[in-house]
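For reference, the structure is listed below as structure tokens.
All of the numbers you see were taken from the coordinates with simple rules; none came from a lab. Computed from a predicted model, the values in this text were never measured in an experiment. Glycine gets a Cβ as well: all are built from the backbone with ideal geometry, and neighbour counts include every protein chain shown.
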Amino acid sequence: MKLSEIASILKCELSVKDVEIKSMNTLKDANSSELTFVSNAKYVKDIKETQAGAIVVSASHAELVPESCTALVVENPYWSMAEISKYFAPLIEDDSLADAQIGEGSKISPKAEIAKGAIIGKNCTILAHVYVGAEAVIGDNTILYPSVSVYRDCKIGNDCIIHANSVIGSDGFGFATNNLGQHKKIYQNGNVVLEDDVEIGSNVSIDRAVFGSTMIKTGVRIDNLVQIGHNCEIGEYSVFVAQSGSAGSTKFGRNVVMGGQAATAGHLEIASFTTMAARSGVTKSIKESGGTFAGFPLMPHRTWLKLQGRIAKLLK
Amino acid sequence: MKLSEIASILKCELSVKDVEIKSMNTLKDANSSELTFVSNAKYVKDIKETQAGAIVVSASHAELVPESCTALVVENPYWSMAEISKYFAPLIEDDSLADAQIGEGSKISPKAEIAKGAIIGKNCTILAHVYVGAEAVIGDNTILYPSVSVYRDCKIGNDCIIHANSVIGSDGFGFATNNLGQHKKIYQNGNVVLEDDVEIGSNVSIDRAVFGSTMIKTGVRIDNLVQIGHNCEIGEYSVFVAQSGSAGSTKFGRNVVMGGQAATAGHLEIASFTTMAARSGVTKSIKESGGTFAGFPLMPHRTWLKLQGRIAKLLK
Amino acid sequence: MKLSEIASILKCELSVKDVEIKSMNTLKDANSSELTFVSNAKYVKDIKETQAGAIVVSASHAELVPESCTALVVENPYWSMAEISKYFAPLIEDDSLADAQIGEGSKISPKAEIAKGAIIGKNCTILAHVYVGAEAVIGDNTILYPSVSVYRDCKIGNDCIIHANSVIGSDGFGFATNNLGQHKKIYQNGNVVLEDDVEIGSNVSIDRAVFGSTMIKTGVRIDNLVQIGHNCEIGEYSVFVAQSGSAGSTKFGRNVVMGGQAATAGHLEIASFTTMAARSGVTKSIKESGGTFAGFPLMPHRTWLKLQGRIAKLLK
């Protein structure tokens with residue numbers, strides 16, 4: 001998409017040479033053919049180091065933009081970013097793509113739908129009513145139970161099992177809100193990647209990234225009815241018990257255990273080998289590995305037990 | 001259905017002229033061709049003003065029934081209402097209905113099922129394994145991702161997006177219980193209405209109304225794994241974060257935010273622009289708009305922070 | 001499967017006559033043609049009474065094994081049991097089974113998938129995109145709404161209703177973990193049994209048993225988005241409100257009520273006629289029937305109300 005078209009959609013002036021913009025990305029990751037944006041005050045300091053070809057900013061930050069990057073000055077950068085995100089969204093399905101490739105030994109139900117451009121590995125079992133979207137890739141020996149939906153561009157590794165009615169790659173919960181309280185969708189143009197030996201229960205939702213990938217690493221075990229927000233990263237062999245969840249962009253180390261109905265806020269980092277008791281509510285990052293926590297607000301499990309003692313006393 | 005048949009099913013005497021009863025409705029909304037009931041003491045005072053053609057009541061309330069309305073006197077009105085509700089349930093699918101109508105420019109997967117009597121607007125995208133039930137109506141430009149199920153009679157507006165494996169219009173959780181502890185289903189003969197520009201995540205459940213409609217108004221955003229009970233009304237631009245939910249008949253104003261795993265009891269009213277922090281538990285109505293709340297039992301967010309301070313002290 | 005093959009897979013010596021092992025089972029239930037295991041210290045005392053044909057044990061417990069039972073001595077019995085469980089898993093689908101049998105008067109959507117070996121009773125309604133697995137049995141007059149998935153070997157009774165996108169029989173969340181933190185799947189070779197007159201909401205997950213059956217007894221009512229772990233037993237007429245759940249192997253008496261988002265830990269017993277308020281967290285068995293509880297940790301509902309009073313005081 002031409003930068004001049006973007007400027008025209010956003011109704012802002014463009015005083016520099018036109019260039020082709022291939023995609024959108026974060027301030028940190030965008031390259032010279034990508035568009036980025038700043039809406040959160042805490043990232044303003046990073047503007048001057050961006051490698052992006054263009055940036056959507058408010059007037060007050062325009063002068064921080066380096067010379068290599070074209071500033072598109074708008075009133076509400078987040079809203080404008082939402083508006084433009086739609087133009088970078090790929091087609092949901094695309095008839096111009098090549099026929100799906102199915103690996104040797106794979107058994108695909110005639111009642112499954114494998115979209116054009118998808119690639120299925122060897123010795124997979126894909127049951128009725130499964131959907132594998134455009135350009136999705138499924139590894140070898142993977143089992144998709146009935147009514148599993150894998151959205152376009154998602155990648156599932158080898159030796160994975162996904163139970164019935166789980167969804168891999170639905171849109172992350174992203175939208176801008178204007179001062180009338182109206183929302184505008186931020187198209188989620190990233191994907192989900194499951195590495196090898198991952199097992200996912202039934203009725204699980206794993207959202208695709210807004211940019212880049214939501215990552216589920218090797219050996220992860222996810223129980224039923226679990227929510228994984230966009231851009232999360234779940235470390236190797238981590239375990240999510242039923243009805244637990246994480247808001248977006250939280251990074252879990254390896255062998256983290258989330259008990260039943262436990263949940264984490266977004267944009268946190270949880271150290272490896274951390275265990276959260278059932279119904280823990282995590283609102284801050286955990287830096288030290290190997291701890292066991294409980295409660296909401298979260299506290300060391302031992303403290304939580306002490307608190308229960310204090311509460312018992314209160315009741316006397 | 002003849003009133004005499006209803007009386008006969010309920011084994012109660014009918015001393016008046018027979019009339020045709022077209023449907024069931026609430027005490028407040030029923031008209032002269034409708035049947036209603038009273039089982040909850042708090043509505044007894046409204047009996048004398050009902051416009052209903054007939055009412056299922058216990059003997060102790062029979063004399064409050066106005067002359068225009070026929071009293072069907074039974075031992076357990078709620079149980080009898082459940083028994084009769086079945087007779088007013090429409091067929092799940094109905095081969096006598098007209099063929100589904102599909103608007104210009106809409107792309108319907110051959111692996112989707114559009115039941116007879118359904119109407120699909122223009123430029124919709126309906127992917128594989130979607131189900132659109134009898135007499136359901138889908139507006140223009142709406143996207144239904146794989147394995148979305150829209151039950152009969154439900155209405156989805158224009159420019160809506162519903163993510164994979166979500167269910168619009170499953171039965172509300174309604175049943176009568178007798179003194180042996182057995183349950184009898186109350187058929188849920190209402191529907192769900194989504195207005196325009198609504199986005200629903202994956203694995204969401206929105207139940208149909210027992211009578212009337214469960215309403216999701218313009219611009220609402222619902223994340224994954226959310227529960228909306230029967231007869232709820234979600235106001236414009238309200239936001240439900242993942243794994244939150246509401247029991248039945250609660251009315252939310254506009255721009256209400258329900259944080260992750262937050263939940264409300266049934267039959268409440270939540271004022272516009274109210275924000276509930278993650279995991280709030282709401283058991284009382286909120287009359288004043290614009291507040292921010294947290295905790296279970298619910299309290300102002302500021303009070304909740306103070307409470308955490310007090311708890312920290314307890315632990316010293 | 002020959003005992004000698006099992007010994008060879010587990011790399012342990014076999015000094016006795018070879019026998020045919022037909023399946024795996026618990027220490028308590030295994031018979032002379034079954035293999036069992038002990039990994040939990042609390043069951044060590046039961047080893048000497050096992051009727052199993054063979055047992056996977058650590059060296060330290062080998063001498064407790066009775067003469068009628070062959071000890072397979074391994075380093076990590078739970079891990080070895082996981083390894084062997086795979087060999088007893090039936091095929092997901094099996095083309096050698098007889099064609100599905102459909103009872104008189106049943107209406108099956110051509111877009112449903114009824115696997116070979118399945119049996120459907122009379123007057124059932126099975127809508128589009130439903131999956132009924134190998135050797136599953138569905139009773140009479142049962143309704144399966146769109147995209148319901150019933151895994152192989154599960155049994156659904158008469159007069160049941162299962163709402164859209166619910167899953168009956170996905171694998172229980174079972175795996176062994178080694179000292180590198182890696183997981184090995186324990187194949188879930190049991191099933192789920194729903195007795196008669198059970199109604200299940202939408203997007204519900206009920207896991208199959210590892211051995212034996214997960215039981216949902218007559219008249220149970222389960223709302224949307226509920227989790228039932230493997231080997232649970234839900235007593236007659238019990239009620240699970242939306243987003244509630246139970247970890248594995250918990251046994252509920254009759255007419256237990258689990259409020260919205262309430263949850264129980266695994267391996268508990270909950271007495272009949274117990275009521276849990278919304279969001280109760282149950283970590284201990286409840287022996288006396290008829291109580292009402294709330295909170296997490298759980299307490300009598302009256303105590304919980306008192307606690308709220310104490311907390312209000314704290315805030316003054």
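Taking packing as the residue-averaged number of other Cβ atoms within 10 angstrom, the listed peptides A:154-164, B:283-293 run from highest to lowest as A:154-164, B:283-293.
Summarising the amide proton neighbourhood of A:Asn231: residues at separation of 5 or more, or on other chains, whose placed amide H is nearer than 5 Å comprise A:Ala209, A:Val210, A:Thr214, A:Ser249. Computed across segment C:128-167, the Kirkwood radius stands at 9.9 Å (inverse of mean 1/r, all Cα pairs). Each residue of segment A:311-316 is assigned a 3J(HN,Hα), and the resulting list reads 5, 4, 5, 3, 7, 7 Hz, derived from the Karplus form 6.51 cos²θ - 1.76 cosθ + 1.60 (θ = phi - 60°), x at Gly and Pro.
For the cross-link pairs B:Lys284/C:Lys284; A:Lys185/A:Lys287; A:Lys184/A:Lys217; A:Lys111/B:Lys107, the ones whose C-alpha atoms lie over 22 Å apart are B:Lys284/C:Lys284; A:Lys185/A:Lys287; A:Lys184/A:Lys217. Largest first, the extents of the alpha carbon coordinates of segment B:176-286 on the three principal axes equal 43, 28, 25 Å. Comparing mean-square fluctuations of B:Ser202, B:Ser15, B:Ser249 from a GNM of chain B with C-alpha springs under 10 Å, the top value falls on B:Ser15. Take each residue of peptide B:277-287, count the partner chain Cβ atoms within 10 Å of its Cβ, and average: the result is 2. Remark: segment C:279-289, residue by residue, has Karplus-estimated 3J(HN,Hα) of 6, 4, x, 9, 10, 10, 5, 10, 8, 8, 7 Hz, where x stands for each Gly or Pro and the curve is 6.51 cos²θ - 1.76 cosθ + 1.60 at θ = phi - 60°.
Per-residue shielding of A:177-184, expressed as the average number of other chain Cβ atoms within 10 Å of the residue Cβ, stands at 4. If I model the protein assembly as shown as equal point scatterers sitting on the Cα atoms and use the Debye formula, what is log10 I(q)/I(0) at q = 0.04, 0.07, 0.10 Å⁻¹? Reported log10 I(q)/I(0), two decimals: -0.19, -0.60, -1.22. When peptides C:204-213, C:266-275 are sorted by average Cβ neighbour count within 10 Å, with the highest value leading, the order is C:204-213, C:266-275. Separation of segment B:21-67 and segment A:35-82, taken as the distance between their Cα centroids, equals 63 angstrom. When the label point is put 7 Å from the Cα of B:Lys22 along its Cα-to-beta-carbon vector, which residues of segment B:187-222 have a backbone N closer than 15 Å? Under 15 Å, as judged by backbone N against the label point of B:Lys22, lie B:212 of segment B:187-222. Antiparallel beta bridges, as assigned by DSSP with both residues in the protein assembly as shown, represent about 10 percent of the total such bridges. Between amide H atoms placed 1.01 Å from N, distances below 5 Å from C:Thr264 occur with C:Gly245, C:Ser246, C:Ala247, C:Val282, all of them 5 or more places distant or on a separate chain.
Return the single residue from C:Asp171, C:Asp18, C:Asp153 with maximal mean-square fluctuation; model: Gaussian network over chain C, springs between Cα atoms under 10 Å. Evaluated over chain C, the most mobile residue of the options is C:Asp18.
Calculate how many DSSP beta bridges within chain B are antiparallel, expressed in % of all such bridges and rounded to the nearest 5. Close to 10 percent. Residue by residue along C:105-115, Cβ atoms of other protein chains within 10 Å of the local Cβ number 3 on average. Across the identical copies, the label point of B:Gly309 (7 Å from Cα in the Cβ direction) is separated from its matches by 2.7, 2.7 nm, in order from shortest.
With its label point put 7 Å out from Cα toward Cβ, A:Ser60 sits 6.5, 6.5 nm from the same residue's point in the other copies, in order from shortest. Over segment A:5-83, the pair-distance histogram of Cα-Cα distances with 10 Å bins from zero comes to 21, 62, 17, 0 percent, rounded to whole numbers. Measuring from centroid to centroid over Cα atoms, what is the spacing of segment B:277-316 and segment C:177-231 in Å? Each part's Cα centre sits 35 Å from the other's. Most tightly packed first, judged by the mean number of other beta-carbon atoms within 10 Å of their residues, the peptides B:232-241, B:219-228, C:57-66 read B:219-228, B:232-241, C:57-66. Along segment C:210-221 the Karplus relation, 6.51 cos²θ - 1.76 cosθ + 1.60 evaluated at θ = phi - 60°, assigns HN-Hα couplings of 5, 10, x, 10, 7, 10, 10, 7, 3, x, 5, 10 Hz to successive residues, with x for each Gly and Pro. Result for chain B in a Gaussian network model with C-alpha springs under 10 Å: among B:Ser68, B:Ser80, B:Ser96, the largest mean-square fluctuation is at B:Ser96.
Would you calculate a helix-derived [θ] at 222 nm for chain C, using -39,500 (n - 2.57) for each DSSP H run of n ≥ 4 and dividing by the full residue count, to the nearest 500? It lands at -3000 deg cm²/dmol. Going 7 Å from Cα along the Cα-Cβ axis for the label, what nanometre distances separate C:Ser8 from the same residue across the other copies? Here the equivalent label points are 7.3, 7.3 nm apart from this one. Each distinct pair of alpha carbons in chain A adds a 1/r term; the inverse of their mean, the Kirkwood radius, is 21.3 Å.
Proximity of backbone amide H atoms, modeled 1.01 Å from N, is registered between A:Thr125 and A:Lys107, A:Thr142, A:Ile143, A:Leu144 at under 5 Å, excluding neighbours fewer than 5 places apart on the same chain.
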